[in-house]
Amino acid sequence: MMKNIFTRVICILLLLSFILAAQSCTPSSSVPTPPHDGTLKPSDFSGTSTPGETPDDGVVELTPPITPAPLPNGTDEPTKAPAPTAAVTPQPNGTGGPATTGGKVALTFDDGPSAAATAKILDLLERYQVKATFFVLGNMAEALPELLKRQVALGCEIGNHTQGHKYLTKLSVTDMRYQIDTVNNHVEAVTGVRPRLLRPPYGAKNDYVRAEAGMPLMLWNIDTEDWKHRNAQKTIDAVLNFVKDGDVILMHDLYATTAEACETIIPELINRGFELVTVSELFEAKGIALSAGKDYRMAK
Ligand code: NI
């Protein structure tokens, strides 16, 4: 009798232990889930997350990578690009800074001649008896030979801006020679004066261009960006707020707004005591020889 009772108690205890064991293995909704299971939501990156819960690389993945913009071509010199806009920030290397009075400066006009602006600019130069330099494009000059003759008659200098405004850095030697020689030959045939200086389109130059051009490369140190804004007052400000002795100033005789700006720029420079000369005269006055194979930005 006692043995049967003892056996039953043992069986009940075993049964109870099995039930308890089975319950402990059952999944329960109260078990915490990992904070991030691989399906991150934007809220996961909010400030409410604790540092330990927010993956460090989560924010990085949301930020586009910053890579340098590619150069226009693989051979231009990135550190010697045309001068930044003088109107925006004065440059420590002399491209900007406070305007001064007195000295010599060279106004230069690229991409012409054009019916829209060149004659008007020449009228101003003639009226004030000052000079400028015109870096002509061959395909423009061929259509307006009388303007070339008038430029030379007024004592202005004609420089070479190539036949078709291409990146010289991208051309074969043969193509580069065509772009340069065609203009030199045409200007000399029309005016009797062969250009001495080359202004490479876009200011694009490198050792290859310096070696093969066969002319001094004349860049600039004040860029009016007249072609971009086509605003006479901005062109005026770009010159008059920064001009200093020895500056080479870039404009384009393509736009009526540039000619309009010159109505103010030329007499004001004269009022400030500046002498407006050609680029070659500017460098000669400063005792700087201009040589093929080199480039120049200002007469300093
Ligand atoms: Ni140009």
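Structure summary
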quantity: Sole exception among (1) touching a residue at least 60 places away in the same chain (Cβ under 8 Å); (2) part of a helix (DSSP H, G or I) for residue 205, by number; calculated: (2)
quantity: Residue in region 238-249 that is of a type in the set (Phe, Trp, Tyr) and in a loop (DSSP other than H, G, I, E, B) present; calculated: yes
quantity: Selected residue (criterion: surrounded by the fewest Cβ atoms within 10 Å (Cβ to Cβ)) from residues of region 189-204 that are basic (Lys, Arg) and more than 12 Å from the ligand (Cβ to nearest atom); calculated: 194
quantity: Where a residue in region 136-152 is open to solvent by less than 40 Å² (accessible area, probe 1.4 Å) and small (Gly, Ala, Ser) and its partner, wherever it lies, is within 16 Å of the ligand (Cβ to nearest atom) and not in a helix (DSSP H, G or I), with Cβ under 6 Å and at least six apart; calculated: 138/163
quantity: Those residues of region 208-230 which are touching a residue at least 24 places away in the same chain (Cβ under 8 Å), open to solvent by 70 Å² or more (accessible area, probe 1.4 Å) and within 16 Å of the ligand (Cβ to nearest atom), in sequence order; calculated: 227, 230
quantity: Output for region 123-141, where each listed residue is assigned to a loop (DSSP other than H, G, I, E, B) and within 16 Å of the ligand (Cβ to nearest atom); calculated: 132, 137
quantity: Which listed residue, of 155, 97, 159, is at pLDDT below 95 and not in a helix (DSSP H, G or I); calculated: 97
quantity: Failed item, numbered, when residue 262 is tested on (1) at pLDDT 95 or above; (2) over 26 Å from residue 153 (Cα atoms); calculated: (2)
quantity: Qualifying residue in region 183-201 (condition: polar (S, T, N, Q) and touching a residue at least 60 places away in the same chain (Cβ under 8 Å)); calculated: no
quantity: Output for region 153-188, where each listed residue is within 14 Å of the ligand (Cβ to nearest atom) and either within 17 Å of residue 108 (Cβ to Cβ) or open to solvent by 70 Å² or more (accessible area, probe 1.4 Å) (or both); calculated: 159, 160, 161, 162, 165, 166, 183
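The values are calculated or read from the model by the stated rules, or taken from the named source; none is laboratory data. Remember, predicted model here, so these are calculated numbers, not experimental data. Neighbour counts run over all protein chains shown; Cβ positions are idealised from the backbone, glycine included. These accessible areas exclude ligands, DNA and RNA; they are computed on the full protein's heavy atoms, side chains included. Shrake-Rupley method; radii C 1.70, N 1.55, O 1.52, S 1.80 Å.
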